Amino acid sequence: MPEIFGLPQPLTGNETVTIQQVQNGQIALCTMPLSQLTQILGSSTQWATNLPTTRPDTPGILWDNGGVVSIS
């Protein structure tokens, strides 16, 4: 049985998130603090309306986990 070295800690807003987007056929990456991303998104929930409702097989994909945005 594997040993557990630590449990998930509460988010502080200092964690970084990276957004990958295709622009003109090129992949663009943007990394920012989680707190900055929440300011950009504001109260808009439009971005979350089309999230998959089953966990994606690919790691790092956002999905709707019963009303909670999760990362696969």
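Just so you know, all these numbers are worked out from the coordinates, no wet-lab data involved. Predicted model, so just to flag it, every value in this text is computed and none were measured.
For the chain, what log10 I(q)/I(0) values come out of the Debye formula at q = 0.28 1/Å, with one point per alpha carbon and no solvent?
The computed values of log10 I(q)/I(0) come out as -1.35.
Read phi for every residue in the stretch 62-68 and hand back ³J(HN,Hα) as whole Hz from Karplus 6.51 cos²θ - 1.76 cosθ + 1.60, θ = phi - 60°, with x for Gly and Pro.
Per residue, the Karplus-derived 3J(HN,Hα) values read 5, 8, 8, 9, x, x, 10 Hz.
What's the extension gain from ILE40 to GLN20 if we count 0.36 nm per residue and subtract their Cα-Cα distance?
Roughly 5.6 nm would be gained on extension.
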